[in-house]
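> Structure in structure tokens, see below.
Read-outs throughout are calculated quantities, based only on the coordinates presented, and are distinct from any laboratory measurement. All values derive from a computational prediction rather than experimental measurement. Here the Cβ positions follow ideal geometry from the backbone for every residue, glycine too, while neighbour counts run over all protein chains shown.
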Amino acid sequence: MTAHVLDVEDLGAAGLAQVLALASAPADSLPRVLAGRSVALVFEKPSARTRSATEVAVVALGGHPAVIQGAEVGIDVRESAEDVARTLGLFHALVCARVADHRVLVRMAAALDGAGMAVPVVNLLSDRAHPCQAVADLLTLQDVFGDTRGRTVAYVGDANNVWRSLAVACVWGGIRLRTASPEGYGPTPDDLAHLAALGGPVEVFEDPAGAVAGADAIYTDVWTSMGQEEQAAARRRAFAGYTVDEALVARAASGAVVLHCLPAHRGEEITAEVLDGPRSVVWQQAANRMRAMRGLMAWLCGASRAGS
């Protein structure tokens, strides 16, 4: 069965460790597993870091990135997600897609499997998950702390797609995750049951100060994600008091760092003083998006299996 990466769970704990090892390796030590091959990069949603990171990673592995905007394929408008996937599978070694609806990725993967086409589908972001961001997040924590086991990350904000993938990565990275969200925006019972089944309970708070106390890292994300713009005013009201500012950061451990997956709304979920301050590793985290993609694609193309 072809290995698709629609969320972190698809890697498995061992696979995630292999991807992180490949992502941490010097670029010139990795085999050019995409030499003479191309990778489809489909973007239904806007992208800055993901597009740049993925294009550069493809080139680093010897391949050619083919960027396709959503309007060019018109998934489920011009033609079905299944037909788009089967068409792209004829030409490309990997199909990477940023989509509005996670179910589109599931259908694309099923269509390729059903056609007997051994072409992995990679989730570059969906409403359900953001696995490539989670790999970059763990890389960043490893850069800062070395061994992440036993560390505590406090996530302050909406338990959204970024949170779901981060939570799984934290469980498998031996990281204690605390989550602070206003009522109605925290993890669902299904989310928590799923994480418990994977081996890691998550502490849930409504008070961000309690979640952050003594933490090794503070993570936040926008209060209003792409596609939720009509909820922006209501979300700003609900998240009042959840801004990561200098007073909140002061409650964390003395060597704590601050992460944000970007783009940031300065003055909402995070202040400019924190984002640009000495505790911030946000730009290192952004740069690690390329290392994450390089490691993930190398793994999917068999680099770790070849002993690299």
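> Given points 7 Å out from each Cα along the Cα-Cβ axis, report the Glu206 to Ser47 separation in nanometres with one decimal.
Here the answer is 3.9 nm between the modelled labels.
> Where does the charge balance sit around Val84 when Lys and Arg score +1, Asp and Glu -1, over other residues with C-beta under 11 Å from its C-beta?
Residues near Val84 contribute -3 overall.
> Continuing with this model, one more query. Hey, what number do you get for the chain at 222 nm if only DSSP H runs of n ≥ 4 count, each worth -39500 (n - 2.57), divided across all residues, to the nearest 500?
-12000 deg cm²/dmol
> Could you run the Karplus curve 6.51 cos²θ - 1.76 cosθ + 1.60 with θ = phi - 60° over the range 36-47 and give me ³J(HN,Hα) per residue in whole Hz, x for Gly and Pro?
Whole-Hz 3J(HN,Hα) from phi for the range 36-47: x, 10, 10, 10, 7, 10, 9, 10, 6, 10, x, 8.
> For the chain, what number results from the quotient of the Cα radius of gyration and 2.2 N^0.38 Å?
For the chain, the normalised Cα radius of gyration comes out at 0.98.
> Given R₀ = 30 Å, FRET efficiency for Arg78-Arg103 by Cβ-Cβ distance, to 0.05?
That pair, Arg78 with Arg103, gives E of 0.95.
> Scan around Ser38 for amide H atoms under 5 Å from its own, H built in the peptide plane at 1.01 Å from N, and keep only partners 5 or more places away or cross-chain.
For Ser38, whose amide H was placed from the backbone, the distant partners under 5 Å are His64, Ala93.
> With charges only on Cβ, +1 for K and R and -1 for D and E, what is the dipole size of the chain about its Cα centre, in debye, rounded to 20?
The dipole of the chain has a size of about 800 debye.
> So if each residue of separation counts as 0.36 nm, and I subtract the Cα-Cα distance between Arg32 and Ala250, what length gain in nm does that give?
Length difference between fully extended and current span is 74.0 nm.
> Show me 121-130, 15-24, 148-157 ranked by packing, highest mean number of other Cβ atoms within 10 Å first.
Those peptides, ordered most packed to least, come out 121-130, 148-157, 15-24.
> Order these peptides, 131-139, 231-239, by their mean beta-carbon neighbour count within 10 angstrom, highest first.
131-139, 231-239
> Counting only C-alpha contacts under 8 Å and six or more residues apart, can you give the relative contact order of the range 10-137 as a whole percent?
Taking the mean separation of contacting Cα pairs over the length of the range 10-137, I get 24 percent.
> Taking a point 7 angstrom from the Cα of Gln69 along the C-beta vector, which residues in the range 107-149 have backbone N less than 17 Å away?
The answer is none.
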